[in-house]
Amino acid sequence: MTEEKLQIVAYCCEYCAYAAADLAGGLRMQYPPEIRIVMLPCTGKMDILLALQALEEGADGVMVAG
Amino acid sequence: MIVAEQKSLEEIKSLVGNAEKVLVVGCGTCVTVCFAGGAREAAIVSASLRMSSKLDGNPKEVTDVTVQRQCEWEYLDEIAAQVEAVDVVLSLGCGIGVQAIAEHFPNTWVVPGLNTTFLGLPTEQGTWVERCAACGDCLLGLTGGICPIARCSKSLLNGPCGGSIDGHCEIDDEIPCGWQLIYDRLNSKGKLDMLMDIQPPKNWSTSRDGGPRKIVREDLRLNEKEESGS
Amino acid sequence: MPGDCHYLEGNTNARRRVNHLQDLLEKIGLEKERVRMFNLSAAMAGQFVEMANEMTEQIKVLGPNPLRNSQKESEE
């Protein structure tokens, strides 16, 4: 394995955080490439098991945004 | 339903001990609806054990499976092969489920992942309360459907004790006085006169005082002799 | 934002769940700071970038997930 890149899974609500991220992209704003966005229909869909599985599979961090 | 609560991860780890292969068995009935030991909880406990054991430097092989009901042999038969392939079974069933696994798979070491707590119901999402003590001689017909055995801290039969304060129990302000509830209920139904009957001491032999209980229904039993003879 | 959720209570439910997950992570033996909840609205692109930077900095301080290496090794 080459250099380890950090991976942060960002569970984003379709109606706020995901739209904000989309807007950030539209405005050509830079944010770290470590952030991997997963869109959820609502952060209320965020399940403990979902985030736990991400961490078990090796994600370095999990952010929930909404 | 049977209401249970998960043991701490620490206690679960010590119960699992040095076993390398662990099967977490969830139950799809009571403990699923009280969010203690269903398929989702089995997956979470199983992932937690895998992660924790890996961080401790002794990674365990932990898998999970959930059966419809741990307390019936036929549902346990489905997982026989998986049970035989592991060193320890962590049951997320109630105490009945754990014992059913122990009895059905005599060669298997089974440990409990839950504390079976009481017979009750959810009064709101996330809150469960005790409602029945399984005393074996139901008195609800005398009390307007509110159980003095389960809901009065002292299981009194003839009205409240002196510790009933503003409708609350002296054991804990959060607990409503069972007898206040019974009084209010009978009052609202215009049946307060029912309280004038003095209840004699309860026959506790139908409860745990009579030892482990058993029900045999001749109308339901499969009797081989009769079947072949008739 | 809390109280301004499209589904009314989705994000406040999520926050309680994130808190519970953080407790669980500590019991498992991972740093609870690896999981964080952020609140923002659809128009807050700048804040999203700030949060992403903040989270990334925090994870850099914590370092890689200790579960990752052993996992990769076992896969290879």
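Throughout, read-outs are computed from the coordinates displayed, never taken from laboratory work. Not measured: the values here are computed from a predicted model. No Cβ is skipped: glycine too gets one built from the backbone with ideal geometry, and neighbour counts run over all protein chains shown.
Between the listed residues B:Asn158, B:Gly210, B:Ile146, the Cα displaced farthest toward the positive end of the dipole of the stretch B:106-230, a dipole computed from Cβ unit charges relative to the Cα centre, is found at B:Gly210.
If you plug the beta carbon distance of C:Glu50 and B:Glu78 into 1/(1 + (r/R0)^6) with R0 = 56 Å, you get a FRET efficiency near 0.60. Using only side-chain charges placed at the Cβ, +1 for Lys and Arg and -1 for Asp and Glu, the dipole size of the protein assembly as shown relative to its Cα centre rounds to 540 debye. When DSSP beta bridges are restricted to pairs lying wholly in the protein assembly as shown, around 30% turn out antiparallel.
Computed from point charges on the beta carbon alone (+1 for Lys and Arg, -1 for Asp and Glu), the dipole magnitude for the stretch A:8-65 about its Cα centre is near 220 Debye. State, to one decimal in nm, how far the label point of C:Lys60 lies from the label point of C:Ala43, with both points 7 Å from Cα in the Cβ direction. Each label point lies 7 Å from its Cα, and together they span 3.1 nm. In nanometres, what is the gap between the two model label sites at C:Lys32 and B:Leu119, each 7 Å from Cα along Cα-to-Cβ? Roughly 3.8 nm, to one decimal.
Per-residue packing, averaged as other Cβ atoms within 10 Å, sorts the ranges A:6-17, A:50-61 into the order A:6-17, A:50-61, beginning with the highest.
Neighbouring Cβ atoms from other chains, within 10 Å of the Cβ of residues in B:2-11, number 1 on average.
Note on chain C: dipole from Cβ charges, positive end direction compared against C:Gly63, C:Leu40, C:Ala52; the farthest Cα belongs to C:Leu40.
Over the stretch A:8-65, the pair-distance histogram of Cα-Cα distances with 10 Å bins from zero comes to 24, 52, 22, 2 percent, rounded to whole numbers. Please determine, in degrees from 0 to 90 and to the nearest 10, the orientation of helix B:178-188 with respect to the longest principal axis defined by the Cα atoms of chain B, where the helix direction is its Cα long axis. The helix B:178-188 is inclined about 50 degrees to chain B.
Inter-chain neighbour count for B:54-66: the average number of beta-carbon atoms from partner chains within 10 Å of each residue's beta-carbon is 2. Strictly greater than 21 Å: what percent of every Cα pair in the stretch B:1-128 meets that? Everything past 21 Å amounts to 33 percent. What the Kirkwood sum gives for chain B is a hydrodynamic radius of 20.6 Å, with every pair of different alpha carbons counted.
Across chain C the C-alpha pair distances fall into 10 Å bins from zero in the proportions 16, 35, 33, 13, 2 percent. Amide H to amide H distances under 5 Å link C:Phe38 with A:Val64, A:Ala65, A:Gly66, where only residues 5 or more positions off or on other chains count and H is placed in the peptide plane. Per residue of peptide C:10-21, the mean number of Cβ atoms on other chains within 10 Å of the residue Cβ is 6. With the convex hull drawn around the C-alpha atoms of the stretch B:78-142, the volume per residue stands at 137 Å³. Based on the Cβ-Cβ distance of C:Asn19 and B:Gln99, what FRET efficiency does E = 1/(1 + (r/R0)^6) give at R0 = 25 Å, to the nearest 0.05? For R0 = 25 Å, the calculated efficiency reads 0.10.
Beta bridges assigned by DSSP with both partners in chain B are antiparallel in approximately 45 percent of cases.
Here is the P(r) of the stretch B:135-198: all C-alpha pair distances, binned every 5 Å from 0, give 4, 21, 30, 25, 15, 6, 0 in whole percents. In the protein assembly as shown, a dipole from Cβ-located charges (positive for Lys and Arg, negative for Asp and Glu) runs towards its positive end, and of C:Gly10, B:Val22, B:Gln99 it is C:Gly10 whose Cα lies farthest in that direction. The slack between B:Ser188 and B:Asp56, meaning 0.36 nm per residue of separation minus the straight C-alpha distance, is 41.5 nm. Each of the peptides B:1-8, B:175-182 was scored by the mean count of other Cβ atoms within 10 Å over its residues; in descending order, highest first, they stand as B:175-182, B:1-8.
Here the stretch B:135-198 is treated with +1 on each Lys and Arg Cβ and -1 on each Asp and Glu Cβ, and its dipole about the Cα centre works out to around 260 debye.
Scanning residues 5 or more positions from B:Thr117 or on other chains, those with amide H under 5 Å from its amide H are B:Val3, B:Ala4, B:Glu5, with H placed 1.01 Å from N in the peptide plane. Just need log10 I(q)/I(0) for the protein assembly as shown at q = 0.10, 0.14 Å⁻¹, Debye formula, equal scatterers on the alpha-carbon atoms, no solvent, rounded to two decimals. One equal scatterer on each Cα of the protein assembly as shown leads to -0.84, -1.17.
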